[in-house]
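Student: Can you keep this structure in mind? I'll have questions shortly.
Every number here is computed from the coordinates shown, using simple stated rules; none is lab data. Computed from a predicted structure; not experimentally measured. Cβ: placed from backbone, ideal geometry, glycine included. Neighbour counts: every protein chain shown.
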Amino acid sequence: MSSLSEAHRATGPHSGNFTPPDFRSLQELPDSYSWPQLDDNSSVDVIDPQAAFVPVVDLADPNIVDLVGRACQGYGVFQVTNHGIQMGLIKDTEIEARRLFSLPADQKLKALRPPDGPTGYGLARIAPFFDKLMWHEGFTIKGSPIEDARKLWPDNYTSFCDVMEEYQKGMKELCMRLKRVILASLGLTTEEDLKLGGLGPSGEFTEGCITALQLNNYPSCPSPKQAMGLAAHTDTSMFTILYQGDISGLQIFKDGVGWATVPPVPGAFVVNVGDLLHILSNGRFPTLVHRVFVNQAHSRISIAYFYGPTPNTQIKPFPNLVEPGAVPRYRSMPWGEYINIKAKHLDKALSLASNIDQKQTQEGDCVNEEIA
Ligand code: OGA
Ligand code: NI
């Protein structure tokens, strides 16, 4: 398999009553979870994956701007160490996530995310695009999770809320540090550069930002070779900061190369380019196509933090990255419009937002705030 469209095999959105099953009660893989095409995937497990695909960078490295710029321009992903987030906080967040997913299935369903609702427990948002189901359950948080947490633990929700809020505070700070580095790697270093790029003096989105914390659980699986944890996708965010613990499962895709596993590095975060950074960089940074596989021995928890602007923010490629006289690769639009295109067309969204690729589409009001 060598192209993105082959990697996706999306069938277009379809509706259905998607609620996660009680995974513990499934001793065999039901047919609805069996992905037949997985067998013919040419999955590469490279000999030195860290060097070849996903560089590990130290945030305090004096050459950080250059290192991050090269990683983003290469595969659109790197792992970051020395990031200032205490290991204790990361572990506490993982413990709370595990506590949530080990609740009885009917208890978790009390906090079910409503269709098109922003937060709560449920399947992956990309689930409606695929015929087969994924071996995954998730929980989405935006700011305080208190309303959903109360439904799960009526008398005992504070430790979950405190930890999730603390983790998001840490992620926000790390996000700002990473964003400055990423912008500098694109040549936006001065206030004047940032202003020309449509950003505020510290590189902030002038209309404000939206973040989401996604807790993922991939239960241990009776037939991991036939199952899919999370199907191939790109993140809509500007970039995503992922903690994948010490159990591997994340794979990245590159045209002409195939799939490669991102090896867990203790204490490091995986940072990947999302659709927005791809657009802002005028295509210089590829948005990372990735998926998750599952395994039989362990259930795997991951924690993803998505960062992007509010839907009314006007988005266009940074002018300093467009050749003089050339047409920018993507058209200018409110971010909510792109989010709506993605919600309807998934992997076709970037080409639909393109100035260069074939047809364009105009989608309605920007009411959708999803960035995951
Ligand atoms: C996601 C994602 C990867 C993982 O939540 O968008 O890609 O390892 N997660 O769980
Ligand atoms: Ni993702």
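Student: Run the helix sum for the chain: -39,500 (n - 2.57) per DSSP H stretch of 4+ residues, divided by residue count, reported at 222 nm to the nearest 500 deg cm²/dmol.
Tutor: -7500 deg cm²/dmol
Student: Taking the Cα centre of the range 144-238 as origin, work out the dipole magnitude from +1 charges on Lys and Arg Cβ and -1 charges on Asp and Glu Cβ, in debye rounded to 20.
Tutor: For the range 144-238, the charge dipole is close to 360 debye.
Student: So for the chain, taking the charge dipole from beta-carbon charges (+1 Lys/Arg, -1 Asp/Glu), which of PHE293, ILE303, PRO114 sits furthest toward the positive end?
Tutor: PRO114
Student: Moving to a separate point now. Taking amide H positions as placed in the peptide plane 1.01 Å from N, state which residues far from ILE315 in sequence (5 or more) or on other chains have amide H under 5 Å from it.
Tutor: Amide H neighbours of ILE315, under 5 Å, 5+ apart: MET333, TRP335.
Student: Follow-up question, since we're still on this one. Tell me, ARG125, ARG177 in order of fewest to most beta-carbon neighbours within 10 Å?
Tutor: ARG177, ARG125
Student: LEU103 versus LYS91, label points 7 Å from Cα toward the beta carbon: distance in nm?
Tutor: Between LEU103 and LYS91, the label points sit 2.5 nm apart.
Student: How much length is gained on full extension from GLU166 to SER332, taking 0.36 nm per residue of separation minus their Cα-Cα distance? Could the numbers behind the result be given before it?
Tutor: On the way: separation 166, 0.36 × 166 = 59.76 nm, distance 3.52 nm.
The span from GLU166 to SER332 would gain 56.2 nm if fully extended.
Student: Related question: Can you sort LEU109, LEU133, LEU288 from fewest to most other Cβ atoms within 10 Å of each residue's own Cβ?
Tutor: Arranged by neighbour count, lowest to highest, LEU109, LEU133, LEU288 become LEU109, LEU133, LEU288.
Student: Would you mind ranking LYS110, LYS132 by Cβ crowding within 10 Å, fewest neighbours first?
Tutor: Fewest-to-most ranking of LYS110, LYS132: LYS110, LYS132.
Student: Relative contact order of the range 4-352: what whole-number percent is it, with Cα pairs under 8 angstrom and at least 6 residues apart?
Tutor: Across the range 4-352, relative contact order equals 22 percent.
Student: Another question, then. Tell me the GluC sites (Glu not before Pro) within the range 115-179 that lie in a loop according to DSSP and have at most 13 other beta-carbon atoms within 10 Å.
Tutor: none
Student: What's log10 of I(q)/I(0) for the range 210-329 at q = 0.10, 0.17, 0.19 Å⁻¹, Debye sum over Cα points only, no solvent?
Tutor: -0.37, -0.90, -1.05
Student: Using all Cα-Cα distances in the range 4-352, what percent lands in each 20 angstrom bin from 0 up to the longest?
Tutor: Final binned percentages: 30, 61, 9, 0.
Student: Just how large is the dipole of the chain about the Cα centre, in debye to the nearest 20, putting +1 at every Lys and Arg Cβ and -1 at every Asp and Glu Cβ?
Tutor: With only Lys, Arg, Asp and Glu charged at Cβ, the dipole is about 220 debye.
Student: Ok, one more. Going down the table (LYS108/LYS142; LYS132/LYS169; LYS91/LYS169; LYS132/LYS254), which pairs top 26 Å between alpha carbons?
Tutor: Cα-Cα > 26 Å for LYS132/LYS169; rest within.
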